[in-house]
């Protein structure tokens, strides 16, 4: 899930003078860290938005927001230059990689839950068998004749 982190109040321009508005975005990774990147939206129509690759990795979303709050216009100008050099295929490849990692993690978790469910069912069946056996023993005890402990058996 991609989160919008913050907009920036100034425009940055590329080497040809084309201006862009910038926003910071982030998303959690399968290892629970957060990665952040920038997306540059052209102010002048006719071009597509540009995104950088990962610019930072932070332990939590609030750390990512804190990092994004400290970004200067000069830093964003360098990020725009990186975004202009970044091939769209590289970004898609990275996103596909993380999607594959998330799918693999989900399969592992599903297998663990399935094993736990099998074990829980087996434990429930054992408990039910034990309960039936105890109930049967109790019934036999209730049906058994009561002996008089004061009488002795003749041997």
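The values are calculated or read from the model by the stated rules, or taken from the named source; none is laboratory data. Keep in mind that this is a model prediction, so the values were computed, not measured. Here Cβ is always computed from backbone atoms with ideal geometry, including for glycine, and neighbour counts include all displayed protein chains.
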Check on residue 92, surrounded by 13 or more Cβ atoms within 10 Å (Cβ to Cβ) and in a helix (DSSP H, G or I):
no
Of 114, 102, the only residue that is over 20 Å from residue 31 (Cβ atoms) and not assigned by TED's automatic domain parsing to the domain that holds residue 31 is 114
Which one is nearest to the chain's Cα centre (by Cα), of the residues in the range 16-38 that are free of Cβ contacts under 8 Å to residues at least 40 places away in the same chain and over 22 Å from residue 101 (Cα atoms)?
23
Residues located in the range 1-51, provided they are farther than 23 Å from residue 104 by Cβ and outside any strand (DSSP E or B)
14, 15, 16, 17, 18, 43, 44, 45, 46, 47, 48, 49
With the condition kept exactly as written, say whether any residue in the range 58-76 is touching a residue at least 24 places away in the same chain (Cβ under 8 Å), surrounded by 10 or more Cβ atoms within 10 Å (Cβ to Cβ), assigned by TED's automatic domain parsing to the domain that holds residue 8 and touching a helix residue (DSSP H, G or I) at 6+ places or on another chain (Cβ under 9 Å).
yes
